[in-house]
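The values are calculated or read from the model by the stated rules, or taken from the named source; none is laboratory data. None of the values given here were measured: they were computed from a predicted structure. Cβ coordinates were reconstructed from backbone atoms using ideal geometry, including for glycine residues, and neighbour counts include every protein chain displayed. Note: areas computed on protein heavy atoms with side chains; ligands, DNA, RNA excluded. Shrake-Rupley method; radii C 1.70, N 1.55, O 1.52, S 1.80 Å.
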Amino acid sequence: MAGEITAEAVWQEGLRFVATSGTGHEVVLDASGDHGGSDAGPRPMEMLLIGLAGCTGMDVISILRKKRQAVTGFE
């Protein structure tokens with residue numbers, strides 16, 4: 001079982017935040033100019049979808065590898 005998963009988001013200016021994962025990786029989150037941001041990074045809901053896509057993809061590739069399937073691409 002994995003250890004504790006942590007993250008923090010620190011406000012920079014406007015609606016821009018820098019989010020840092022417990023493993024030290026950083027990502028900028030922002031809103032569009034129409035909503036008070038400066039379009040400096042993906043929206044939080046986009047990050048949620050990116051995380052879901054990445055998690056699903058990693059699970060599928062892991063299962064295919066365990067089944068000894070040759071994977072040449074995945075989207």
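Of the strands (runs of 3 or more DSSP E) lying entirely inside segment 2-75, those carrying at least 1 residues that are of a type outside the set (V, I, T) and open to solvent by 90 Å² or more (accessible area, probe 1.4 Å) are 7-13, 26-29. Assess whether S62 counts as being farther than 21 Å from E75 by Cβ and free of Cβ contacts under 8 Å to residues at least 60 places away in the same chain. No, not satisfied. The residue pairs whose first member lies in segment 27-42 and is free of Cβ contacts under 8 Å to residues at least 12 places away in the same chain, whose second member is surrounded by 13 or more Cβ atoms within 10 Å (Cβ to Cβ) and among the acidic types (D, E), and whose beta carbons are closer than 8 Å, counting only pairs six or more residues apart or on different chains, are S32/D39; G33/D39; D39/D30.
Kindly indicate whether any position in segment 63-71 is in contact with a helix residue (DSSP H, G or I) (Cβ under 6 Å, 6 or more places away or on another chain) and at pLDDT below 95.
Quick first cut of segment 63-71, residues in contact with a helix residue (DSSP H, G or I) (Cβ under 6 Å, 6 or more places away or on another chain) only: 71.
Now restrict to residues that are at pLDDT below 95: 71.
The answer is yes; a qualifying residue exists.
Close contacts from segment 1-19, counting a first residue that is under 14 Å from A31 (Cα atoms) and a second that is modelled with pLDDT of 95 or more and of a type in the set (S, T, Y), with Cβ to Cβ under 7 Å and a gap of 6+ residues or different chains, come to G14/S38; R16/S38.
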